[in-house]
1. What are the trypsin sites (Lys or Arg not before Pro) within segment 79-146 that DSSP puts in a loop, where the Cβ has at most 16 other Cβ atoms within 10 Å?
2. May I ask you to derive the FRET efficiency for ASP161 and ILE24 from their Cβ-Cβ distance with R0 = 25 Å, giving the value to the nearest 0.05?
3. Identify the residues of segment 227-246 with backbone N under 12 Å of a label point that sits 7 angstrom from the Cα of ILE270 along the Cα-to-Cβ direction, or state none.
4. Can you list the GluC sites (Glu not before Pro) in segment 55-116 that are in a DSSP coil and have 15 or fewer other beta carbons within 10 angstrom?
5. Taking Rh as the Kirkwood radius, which is the inverse of the mean 1/r over Cα pairs, what is the Rg/Rh value for segment 27-132?
6. Packing-wise, with mean Cβ within 10 Å as the measure, how do 264-271, 240-247, 104-111, 34-41 rank, highest first?
7. Anything over 20 Å Cα to Cα? Flag those among LYS65/LYS119; LYS247/LYS271; LYS136/LYS247, in the order listed.
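Just so it is clear, none of the values below were taken in a lab; they were calculated from the coordinates. Since we're looking at a predicted model, the values are computed, not measured. Note that each Cβ is placed from the backbone with ideal geometry, even for glycine, and that neighbours are counted across all protein chains shown.
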Amino acid sequence: MSDIEFEQGVNETTEAIVQASTRITPESTDEVRQIALRIEEPAFNFLEGQNIGVLVPGPHPFGNKSHHRYYTIANAKGDDSGVELELLVRRCFYIDEVSGEEYPGIASHYLCNAHEGDKISLTGPYRSPFRIPTDKNSNLLMLGTGTGIAPFRAFLRRVYDERNDWGGKVRLYFGARTGTDLLYMNDLNNDLANYYDQKTFQAIQTLSKGVLSDAADALRDGVEAHAEEVWDLVCSPNTHVYLAGMKKAADEFEASMARLAGSGAQWQTIKQGLVDDRRWSELTYI
């Protein structure tokens, strides 16, 4: 899932109908829902891992008629009668930096409150920033937290189903606050387990170590526990880096890399090389 604000003034929309909404976390933790949508348009073109926009009808603050947010398609399938999409959505809250008041996330609450039969206006789909390298010997370093795992599930499926005999290392580092959060990794169907028998694939899951730490801290701990391999991958000229999930997780990863590089300036030089070579992709949300 990505909860990144998009520009206003979207004209082309597609209507989706909520088929089911299932909470996949217990009541004692943050609410995350698996939401199934159906589009009665067989011609709707998509790829798993792409993003769609969700339009929340207004009125909204500052006079906006609609509120638009990106979400990543976690699973999708089509037939002659239409298309079914699946989203993973965390019910988000935001703290006003001035007043300190807590406010509900507009799009996440809209989706989490939707019931079977409700109609949702969608835009897109939009091309995913996560592209598969043409060279099958490229290393793929994926790092994510929370529902940020959604684009990686689809990405891995394409790597191994569409591009046979992948030769480079494929590493997925995933940080979670609790064991329940690991549902994001495998969803309810344990789908990433399909790739555990691939010689090139390894998933590293890390839980946070205390009540004051979160998924971003857990990702940092996982990266630092495997610092030598991660550093070697980052410095390899055929490695592509993909970041997804909370912006804090991206910040923690970069802080770890700065420590390994010896300074923040040295790490920024290395990162800029990845960016210039189009080997750095990031899809994060606050």
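1. When the trypsin sites (Lys or Arg not before Pro) of segment 79-146 are filtered for loop state and at most 16 Cβ neighbours within 10 Å, ARG127, ARG131, LYS136 remain.
2. 0.55
3. 227-237
4. The qualifying sites are GLU97, GLU101, GLU116.
5. My calculation of the ratio gives 1.00.
6. In decreasing order of mean packing, 264-271, 240-247, 104-111, 34-41 become 240-247, 104-111, 34-41, 264-271.
7. The pairs that break the limit, which is 20 Å between Cα atoms, are LYS136/LYS247.
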